[in-house]
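I have placed the structure first, in the form of structure tokens, so that the comments after it can refer back to it.
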Amino acid sequence: MSGPAATLDLEAIGFAEGAHVLLRRALGHLRPGARLGVRGTDPALTVDLAAWCRARGHRVDCPDSAPDEPVRAWVTCGHAESDRWVGAERAGNAGPTQLADAPPAHWGLAARGALIEAGGPGAPYDLGQKERVWADIAPMLYAQAAAAQWDPATAVPWGTEVELPAEIESAVVQVMTYLVENEQAALVLPARFLARIHPHFREVLQLLAVQAADEARHIEVFTRRATLAGNMLGTSSAGGRLSLFTLLSEPDFSLASFLLSVLGEGSFLSLLAFLDRYAPDPVTRTVARLARHDEARHVAFGVAHLEHQSAMDPGLRGRLRAAVEHRHDALVATAGLNEDVFDALVVLAAGSWEPRAIAAGSQAVRQLEEDMYVGRVRRLVRLGFPADEAAELSALHTRNFM
Ligand SMILES: [Fe+2]
Ligand SMILES: [Fe+2]
């Protein structure tokens, strides 16, 4: 026989008040086969104790109750409490360094670094490999993004008197209408990928979530500017919507992020800078500037993620090239940019209907297209494309800009 049995006095505490916490702690110190005497005055103690022990493989014996018997039940430890964690594993390290290259699906939604009990469900994350989703810049960009959130209600000088000539106001409304349509695509796309990425890469999920929230704010402020003077919204072209449809129908995360962030949002950086420069009123200028700051982050993540991936996967550039060509072929019969948007940009840059001003506005829009083209070439070169190929691909990008 072993030495004197251990005892635990629960006093008046029942299972509803946490008796199991004390029991688990006491049993955790015992070897299998050892006995624990349990004392306590809760009327339901023996019933609850029996159920709790049965579920965990411990045996319970209740002595004949006698007024002078302080022990109400003897628990024989069936297996060590720590046995539950046999076969458990750590879900990697908590921090963003030393990420797993291919975290198992059964780590699922567990916190990164948690001790994972064996036997959970295998959750279906088809984007489960580090090289397909990660960029080392993601944690830093997420922190920046969280700190840079602005309030649409107060960040824009909505109270400013905006009284523009009717045709200039219409041009602003048309551009805002176009922006809202494109922002909606930019919101939906990261949101669709979010649920497919393994939560082990949580900074990427957090970053994409904030990116979607950024786009939600852009939609809000562009809509609010469009309707500021009480006008109806402008037009939406079939070609523009087809361009965005080809973007949203790309199922591969890296290719979609290339088309959206590197090429599309990259082009929008130039467009928003153009609107900042030629805005006819402070509200238009502010919404363009606020959106541009956010877009710069979206582009930075897209470029960093693809740079990372292209360094690991020499075949990537061929697939990126094919994605641009495929999209170009799908859009070749469409007009590309909505003519109403093009003309509105000319009018905004012109600032008046003087023929010479319109000529200067046209020249400014041609310069905008050149700036977009050059920006795309620069980003493509960063991804490792030779200069001539980067130039060719930049020219094949959708005329809808996004
Ligand atoms: Fe946006
Ligand atoms: Fe964006």
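The values are calculated or read from the model by the stated rules, or taken from the named source; none is laboratory data. Model, not experiment: these values are computed from the prediction. Cβ atoms come from the backbone with ideal geometry, glycine included; neighbour counts cover every protein chain shown. Protein only, heavy atoms only, side chains kept; ligands, DNA and RNA dropped before computing areas. Shrake-Rupley method; radii C 1.70, N 1.55, O 1.52, S 1.80 Å.
Things worth noting here:
- Inter-probe distance in nm under a simple model that places probes 7 Å from Cα toward Cβ, at Ala360 and Gln98: 6.3
- Surface analysis of the chain yields an accessible area of 47 Å² per residue, using protein heavy atoms and a 1.4 Å probe.
- With both labels modelled 7 Å from their Cα along Cα-to-Cβ, the Arg224 to Ala34 distance reads 6.5 nm.
- Once C-alpha pairs closer than 8 Å and six or more residues apart are averaged by separation and normalised to the residue number of region 79-209, the relative contact order reads 31 percent.
- With every protein chain in place, the chain: carbon and sulfur % of accessible area (1.4 Å): 56
- Modelled FRET efficiency - R0 41 Å, Ala12 with His79, Cβ distances, 0.05 increments: 0.90
- Between the C-alpha center of region 366-402 and that of region 291-313 there is a gap of 15 Å.
- The chain - share of DSSP beta bridges that are antiparallel (%, nearest 5): 65
- Residue list for region 111-128, given a label point 7 angstrom along the Cα-to-Cβ vector of Glu89 and an amide N cut-off under 17 Å: 111-125, 128
- The value for the chain of Rg(Cα) / (2.2 N^0.38 Å) is 1.46.
- A Cβ-based charge dipole, computed about the Cα centre of region 195-302 with Lys and Arg at +1 and Asp and Glu at -1, lands at about 240 debye.
- Remark: relative contact order (the chain) = 14 percent; criterion is Cα-Cα distance under 8 angstrom and separation of 6 or more residues.
- Ranking Ala166, Leu320, Leu247 by how far each Cα lies toward the positive end of the dipole of region 130-396 (charges on Cβ) leaves Leu320 at the top.
- Here the spin labels are modelled as points 7 Å beyond Cα on the Cα-Cβ line, and at Ala395 and Glu325 they lie 1.5 nm apart.
- Estimated [θ] at 222 nm from DSSP helical runs (n ≥ 4, -39500 (n - 2.57)) normalised by residues in the chain, nearest 500: -17500 deg cm²/dmol
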